[in-house]
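Each remark here refers to the structure printed beneath this line.
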Amino acid sequence: MLDVKLFEMQSFLPDPYEDALAPRLKDAHEKLQNGTGAGAEFTGWVHLPRDYDKEEFARIQAAAKRIQANSQALVVIGIGGSYLGARGVIDCLCSPNYNLKKKSTPNVYFVGNGLSADSMQEVLDLIADVDFSVNVISKSGTTTEPAVAFRFFREALEKKYGHEEAGRRIYATTDKARGALKSLADAQGWETFVVPDEVGGRYSVLTAVGLLPIAVAGVDIEALMRGAAQMMEVCANPSYDCPAWRYAAVRYALYEAGRPIELLACYDPAFRFMSEWWKQLYGESEGKEGKGLFPASVEFTADLHSMGQYIQQGQRVMFETVVRLGASGCQLYVPRDEDDGDGLNFLAGKSMDFIRDRAMEGTLLAHTEGGVPNVIVEAGGKSAEDLGQLIYFFEYACGLSGYLLEVNPFDQPGVEAYKKNMFALLGKPGYEDRKAALEAKLAK
Ligand code: PA5
């Protein structure tokens, strides 16, 4: 079971912060459990691992099987919360090199998460000669980046298969009733999956948003949900026995003590997109009203050779949260070399995990001594069940953290600012006044 450990924290937080925060955490916990806090209408994820729609879950599994049988590639179109969770889980459990591996499941390409013509063309080229399907994911159904990408891939499907078969290869994950994508899907007869009203984008990885692409990549989504359900049970306990309480409390106390930056670190490159998912979860949930920890991430040991200098000796404004995934899937042992020209025979016969673990311990000691507090999240393993636990743990701790900060952890009003400007500059009807004002500013 996942656990949170603190290393020499008393040298950074000498006061008994846990006792002081316990009543506030209890209050936050009750708000999450009973849906009585700010943004309560978006707390459907709290009991999702138990209450998820079983009929839809079976349809997701059936659709994944169909895609696996008739497609060599799945193009997943979505951005932000409609993208990062699926990418994080697939990279972590199936490898960041998943598409390059020999396998019986389709390649999975993620598009619509930016506005680069080069990246879009690259994927159009990659799927040109293979059978493919499309999963377009947008809760609002109106987000520009995925909507634009969908036009290109829908056209590619229709050119290759004709209108009817293209329709059988499109899977739309969107609101159950509203939005342009829902209307289009209903009019065209595409299979649809639901982003529940009460689950916001960044909390939606355990809905069809994440589950369909994850299942297509061959991950056991039942195990993923089982892990999340186990952590949901643990988090139902309103005390410091709950690892989410310990994590939320320590990061809040560190923030209050002048540490506004949290660095999420992992020693497995496969975790990179899980870190991206975590950054969105915490950044969008906490960063408002001039408050919030700034979530950043590093990949060790690679970044010890780049960011390591700053972490060791730069401004003392950060703390590290290190995710430990446990033993690697395979064990590699360093070969012996009779000549020992590189002087490495002291490592001969040692496993890569052994070397990594010593690097991890050495870094923990060095960074703590250098004035960077370390929080350790022991995930225990890298199975679908472990990752389900980890996802729910971070979500629950994020909800608690938002309420400790006294912000609404489930809205994102700031995301609209750039969109309005972009729409105005693109000439979207209804934005005429803003367009003129913005163009005048840019011309200065
Ligand atoms: O967390 C969020 O709400 C956002 O990241 C959204 O998921 C993102 O903007 C995409 O929105 P949509 O799914 O409506 O296209």
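Among the residues of the range 130-145, those that are of a type outside the set (Val, Ile, Thr) and either within 12 Å of the ligand (Cβ to nearest atom) or assigned to a loop (DSSP other than H, G, I, E, B) (or both) comprise Asp131, Ser138, Lys139, Ser140, Gly141, Glu145. The criterion of being at pLDDT 95 or above and surrounded by 15 or more Cβ atoms within 10 Å (Cβ to Cβ) holds for Ala248. Being more than 16 Å from Leu84 (Cβ to Cβ) and not assigned by TED's automatic domain parsing to the domain that holds Gly201 is a property that Lys291 has. Wholly within the range 27-129, which helices (runs of 4 or more DSSP H) include no fewer than the required count, namely at least 2 residues that are out of contact with any helix residue (DSSP H, G or I) (no Cβ under 9 Å at 6 or more places or on another chain) and of a type outside the set (S, T, N, Q)? Per the criteria, 54-70, 117-126. Does Leu211 count as within 16 Å of the ligand (Cβ to nearest atom) and either out of contact with any Leu (no Cβ under 6 Å at 6 or more places or on another chain) or in a helix (DSSP H, G or I) (or both)? Criteria met by Leu211. Right, Val148: within 14 Å of the ligand (Cβ to nearest atom), part of a helix (DSSP H, G or I) and farther than 24 Å from Gly399 by Cβ or not? Yes; evaluated as a whole, the condition is true for this residue. Can we say Asp197 is surrounded by fewer than 18 Cβ atoms within 10 Å (Cβ to Cβ) and more than 13 Å from the ligand (Cβ to nearest atom)? No; evaluated as a whole, the condition is false for this residue.
Condition check: closer than 18 Å to Arg154 by Cα, within 16 Å of the ligand (Cβ to nearest atom), surrounded by 13 or more Cβ atoms within 10 Å (Cβ to Cβ) and not acidic (Asp, Glu). Does Gly112 satisfy that? Taking the combined requirement at face value, the residue satisfies it.
Condition check ((1) part of a helix (DSSP H, G or I); (2) hydroxyl-bearing (Ser, Thr, Tyr); (3) touching a helix residue (DSSP H, G or I) at 6+ places or on another chain (Cβ under 8 Å)) across all residues:
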{"position": "Ala296", "(1), (2), (3)": "no, no, yes"}
{"position": "Tyr310", "(1), (2), (3)": "yes, yes, no"}
{"position": "Phe319", "(1), (2), (3)": "no, no, yes"}
{"position": "Gln331", "(1), (2), (3)": "no, no, yes"}
{"position": "Pro335", "(1), (2), (3)": "no, no, no"}
{"position": "Glu338", "(1), (2), (3)": "no, no, no"}
{"position": "Arg358", "(1), (2), (3)": "yes, no, no"}
{"position": "Glu361", "(1), (2), (3)": "yes, no, no"}
{"position": "His367", "(1), (2), (3)": "yes, no, yes"}
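Residues in the range 308-356 that are touching a residue at least 24 places away in the same chain (Cβ under 8 Å), aliphatic (A, V, I, L, M) and crowded, with 16+ Cβ neighbours inside 10 Å: Ile311, Met318, Val322, Val323, Leu325.
Taken as a whole, the structure leaves Leu74 outside the set of residues that are over 29 Å from Phe410 (Cα atoms), assigned by TED's automatic domain parsing to the domain that holds Asp175 and more than 20 Å from the chain's Cα centre (by Cα). Taking the range 155-183 as the range and being assigned to a helix (DSSP H, G or I), within 16 Å of the ligand (Cβ to nearest atom) and surrounded by 18 or more Cβ atoms within 10 Å (Cβ to Cβ) as the test, the residues that pass are Leu181, Lys182.
So in the range 401-423, with the set limited to residues that are assigned to a helix (DSSP H, G or I) and among the aliphatic types (A, V, I, L, M), which one is farthest from the ligand (Cβ to nearest atom)? Ranking the candidates gives Leu404 first.
Selection of the range 256-279 for residues being assigned to a helix (DSSP H, G or I) and within 28 Å of Asp357 (Cα to Cα) yields Pro269, Ala270, Phe271, Arg272, Phe273, Met274, Ser275, Glu276, Trp277, Trp278, Lys279. If you go through the range 1-16 and keep only what is in contact with a strand residue (DSSP E or B) (Cβ under 8 Å, 6 or more places away or on another chain) and under 16 Å from Gln389 (Cβ atoms), you end up with Leu2, Asp3, Val4, Lys5. Residue pairs whose Cβ atoms lie under 7 Å apart, sitting 6 or more positions apart in sequence or on different chains, and linking a residue in the range 216-243 that is assigned to a loop (DSSP other than H, G, I, E, B) to a partner that is of a type in the set (Ser, Thr, Tyr), are Ala217/Tyr98; Ala217/Thr105; Gly218/Thr105.
The values are calculated or read from the model by the stated rules, or taken from the named source; none is laboratory data. The structure displayed is predicted, hence computed values, not measured ones. Ideal geometry is used to build each Cβ from the backbone, glycine not excepted, and the neighbour counts take in all protein chains shown.
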